[in-house]
Structure formats: C-alpha cells, structure tokens
1. Condition check: in contact (Cβ under 8 Å) with a residue 12 or more places away in the chain, of a type in the set (Asp, Glu) and open to solvent by 10 Å² or more (accessible area, probe 1.4 Å). Does ASP163 satisfy that?
2. Which one of GLN147, GLN122 is more than 25 Å from LYS48 (Cβ to Cβ), in contact with a strand residue (DSSP E or B) (Cβ under 6 Å, 6 or more places away or on another chain) and of a type in the set (S, T, N, Q)?
3. Within region 86-93, does at least one residue satisfy the condition of being part of a loop (DSSP other than H, G, I, E, B), open to solvent by less than 10 Å² (accessible area, probe 1.4 Å) and over 19 Å from HIS148 (Cβ atoms)?
4. Conditions first: (1) within 26 Å of the chain's Cα centre (by Cα); (2) touching a residue at least 60 places away in the same chain (Cβ under 8 Å); (3) open to solvent by 20 Å² or more (accessible area, probe 1.4 Å). LYS207 passes all but one, so which condition is the exception?
5. Is there any pair linking a residue in region 28-56 that is farther than 16 Å from PRO10 by Cα to one that is assigned to a strand (DSSP E or B) and of a type in the set (Phe, Trp, Tyr), with Cβ under 6 Å and at least six apart or on different chains, and which?
6. Among the residues of region 153-169, is there at least one that is in the same structural domain as ALA91 (by TED's automatic domain parsing), of a type in the set (Gly, Ala, Ser) and assigned to a loop (DSSP other than H, G, I, E, B)?
7. Among the residues of region 17-27, is there at least one that is open to solvent by 10 Å² or more (accessible area, probe 1.4 Å), within 16 Å of ligand 2 (Cβ to nearest atom), in the same structural domain as PRO118 (by TED's automatic domain parsing) and not aliphatic (A, V, I, L, M)?
8. GLY385: at positive phi and open to solvent by 30 Å² or more (accessible area, probe 1.4 Å), yes or no?
Amino acid sequence: MPSTPTPARPEFGALALSPAQLANLQQLGYLTMTPIQAASLPLALLGKDLIAQASTGSGKTAAFGLALLARLNPRCFGVQALVLCPTRELADQVSEEIRRLARGTENVKLVTLCGGVPLRGQAQSLAHGAHIVVGTPGRVMDHLARQHLALDQLNTLVLDEADRMLDMGFFDDIATVARQCPKDRQTLLFSATYPEGIAKLGAQFMKNPQQITVQAQHAPDKIEQRWYEVKNSERLHAVSQLLNHFRPESSIAFCNTKQQCRDLVAVLQAQGFSALALFGELEQRERDQVLVQFANRSISVLVATDVAARGLDIADLAAVINVDVTPDPEVHIHRIGRTGRGDAEGLALNLASMDEMGSVGKIEVLQGRASEWFPLAELTATGAGPLVPPMATVQIIGGRKEKIRAGDVLGALTGEMGFAREQVGKINVNEYSTYVAVERGIAARVVARLNAGRVKGKSVKARLVGDGA
Ligand code: ADP
Ligand code: MG
C-alpha cells in the first residue's frame, strides 16, 4: 500500500527542555512529539492549567511527565508533583514512564501509592523523601490523613484518566486531595473522553484552564476495516471464524457488556483458543496475570469491555475485533486505534446485526466513509490447525520481595538448565511473583527444571499459568 506523506512532526528540541532531557528523549527513541504532546507541552511548560483530551495510546503520560519534571528541583525535598490515577495498574504504568523520563534529571525519587499493599512500607518510602508521588485517590487520602504525606511543597497536580476516575466515583476523593494542595499550583487534567464531570472538576479546582482536544485520527488506509453482518445467534461463533481465517497473533475482542465477555470467553476456550477476559470485577492479581500473559504473547485473544481496557498501554495488535458495535462512534475510533500503530498495518474486524445499523451509521458519519461489508460465508479456516500463541507463561513464586531480578531468572534458565536465550521471552518481576514467557514447546520442561533447580542459589516453586486453552 503506498503510504501518503505525513507532515513532519514537531521535534522536542523546539521546547524549553534541558539538554540532558533532550538527550534522554533521543535515547528513549522519542524523536518527535505526538499531536497531544505538541499541543499541550508548550502551554504546560508555561505553567498553565490544562484540560487535555486525546485517545488512549497518544502519549499523554509524557505530556504531563515532561512538564512536571521540568519544574522539579531535585535538591529541594518535599513532594513537588502528585499524579492521581484511577487504578493501581495505571499508576504502575505512569510510574514506569515517568521513571524513564526522569533519567534526564538527576536523583529524582518517585513513590507509587496504591491499595492492596501494606501502608507501612509506603510510609517508609515517603519518610525517605519523595519528589513525585503517583497513586490512586483512596490510598493517597489514607496517607494524607495519617500525615505520612504533606503536599505543601506541591507545584504540579495531575489528574490522569480523569474520565475513568469520575466513572469510578472518585470526584469527592479528588476534591479532598485538591483542597490540601497549595493554591498557586499548576493543575493538569488528562482524559480520553470529555464527560460532564470534567468541566465541573475544571471549574472547581483549576485556574482558567486551557482546553486542548486532539481528535482521534487514523490514516484511513492504514487500518483495514471489514464489516460482517451477523444474526445475534451467530455472533459468538463468528468471532472464532474470524480468528481461524485471519489468524492474528494477538487481538482484543471488544464487547459492550461483561456478560458478553463471559460468554465469548467460554465459547473461545471451549474451541481451544487461548483467550482470557478482562472486566471490572476481576481481582487485581487476576488482572495483572491476564495482562502479563497478553503482553508476553502467551494468550491470543484478550476479551474486554471498553472500561476495562481504557488507558492500558498495550502494544500494537495484529487485529481488533468489535464483537458488538459500540453506540458511541468515538469509542469505535479508540478501539480500532489499538491496531496499526507506528509503521504496522492494522486490521479491524467488525460484527454487526440489523438492530445495530444505526450505530454503524454514526460511525460512518464520524469517519467520513462508508463501511465495507463482507459475507461471513467467505471465512474459511486455513487448515493450519488451531491458532496457538507462540509463548507460554511460567510463574515463579517469589518476586521483588525475595530480591529476584529478571537477570537472575534468565541466568538460571540459560545456564545450568540449558535453555537458549531465544527460547525465553519477557520476564516480569512483580512484588511476590515472577512471570517468565518461554517458547510454548518447552514450557513443561522449564517448569520441571525450575522446580528441581535453583534461582540465585535458592530453590524455587514454579508452575504453568493457565491460558484458557
Ligand atoms: P496515553 O496515556 O495517551 O494512553 P501513553 O502515555 O501510555 O499514552 O503512551 C503510549 C505509548 O507511546 C507508550 O509506550 C510511550 O512510551 C510511547 N510514546 C509516548 N510519547 C512518545 C513519543 N513522542 N515518541 C515515541 N513514543 C512515544
Ligand atoms: Mg495514559
């Protein structure tokens, strides 16, 4: 497909950033600004309050991360920036990204404050001094109430994924935290959508906020969008037909309801697909496991509601499957933006029944083009056997708390245990456990050798994590 020339994107060099920060961005491979960064950073660096709206994956974290780091004085003790996020998962992702961005500034200390772990360790980290706090509203309030955390030195308050925080009922908590911040602070609000509550937040807690909206845009010919008309009774089965025909290595299947997620995952698993669901009610540990397995390529299909997938930094996907048509055309654009990132080509597969044609029409209007329809009957299994992910996940009991590092695990596997470097994929070390992706064919042997052998001189327990197949 011939690529249409895109206008040159602005470079970070145009901003008032330190030479060390510019060098760091180069090293991270951030050569040009994304549209939301180009629109928000000049204003944010001037100290303006902002309400910025852009879709998931558009680079909002660096937009506020660079702004808060630019104002930070590492020689000055005290919390100078606070980022509120809706969930622990998102707080972890934001912390990671800010840590990367902070490599351009010396001695920056960042503490993440989320529920699910004891307060004491977090209180100790705060007592050792923190310049930046990233956390969920509830846990931040806990530490404020116990006076582990003081915000009198605060320069920058960030509300990330503000729409989702409102969905989760955090308005009052945000208000409580904002009231404890100095009046002359800068407030930056980032959101993927713009529900009513955002204006209310802006009016109550921000000073003359500048509004920035970057419309979701996709080069129209980079994401191939195919539509299939289905009866409601054939919808779930049609998903497996799509998977068998297009064989995407990894895909997200978006459903409009949790019940649909449950039903679809059951159907896919029964047919031998490695598929897992991500929806609101999962416990944090289960969510972590699902996401780790998806990111390390050991499950093929992630079945999710829009709310559950919002904000997650999931790398480029081979395909997005819209199992149900979303009634909100903006949401459709967000969904399909998960495929076709960077230079990759994208594939969006859409199922629609007659009673959803009104929603299809709204999507056509927003995208400014008609949908292309294909008959379901055209889908044929390629005969290549079931769709199998390339990797499998092995869990080792023990993580950061046991001082296990990724290098220790890789060393054990490729040393004594005799596996090749290429057979080992992503290694995620969490607080209490470690997840290792390995080639599917060797997974059972990896488990056996780990259980018989040692990591960092200690014997460990390992098991294969289920992927639904
Ligand atoms: P959002 O918060 O808008 O959903 P993120 O901040 O999570 O998006 O960014 C999505 C991905 O894009 C991240 O993996 C991030 O490292 C990457 N990224 C952000 N800014 C740039 C840039 N200027 N150039 C290249 N990659 C970037
Ligand atoms: Mg984000």
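1. On the way: in contact (Cβ under 8 Å) with a residue 12 or more places away in the chain: yes; of a type in the set (Asp, Glu): yes; open to solvent by 10 Å² or more (accessible area, probe 1.4 Å): no.
Answer is no for this residue.
2. Details: GLN147 fails: in contact with a strand residue (DSSP E or B) (Cβ under 6 Å, 6 or more places away or on another chain).
Answer to the selection: GLN122.
3. Taking region 86-93 and keeping what is part of a loop (DSSP other than H, G, I, E, B), we get 86-87.
Filter once more, keeping what is open to solvent by less than 10 Å² (accessible area, probe 1.4 Å): 86.
Still in the list and also over 19 Å from HIS148 (Cβ atoms): 86.
Yes, region 86-93 contains at least one residue that is part of a loop (DSSP other than H, G, I, E, B), open to solvent by less than 10 Å² (accessible area, probe 1.4 Å) and over 19 Å from HIS148 (Cβ atoms).
4. (1)
5. Sorted first by the residue in region 28-56, then by its partner, the pairs are ALA52/PHE190.
6. Initially, region 153-169 is screened for residues in the same structural domain as ALA91 (by TED's automatic domain parsing), giving 153-169.
Retained after the next criterion (residues that are of a type in the set (Gly, Ala, Ser)): 162, 169.
Filter once more, keeping what is assigned to a loop (DSSP other than H, G, I, E, B): 169.
For region 153-169, residues in the same structural domain as ALA91 (by TED's automatic domain parsing), of a type in the set (Gly, Ala, Ser) and assigned to a loop (DSSP other than H, G, I, E, B): present.
7. Within region 17-27 (the criterion being open to solvent by 10 Å² or more (accessible area, probe 1.4 Å), within 16 Å of ligand 2 (Cβ to nearest atom), in the same structural domain as PRO118 (by TED's automatic domain parsing) and not aliphatic (A, V, I, L, M)), the answer is no, since none of the residues qualifies.
8. Yes; evaluated as a whole, the condition is true for this residue.
The values are calculated or read from the model by the stated rules, or taken from the named source; none is laboratory data. Values in this document were obtained by computation on a predicted structure and should not be read as measured data. A quick note on method: Cβ atoms are made from the backbone with ideal geometry, for glycine too, and the neighbour counts reach across all protein chains shown. Remember, those area values only see protein heavy atoms, side chains included, never the ligands or the DNA or RNA. Shrake-Rupley method; radii C 1.70, N 1.55, O 1.52, S 1.80 Å.
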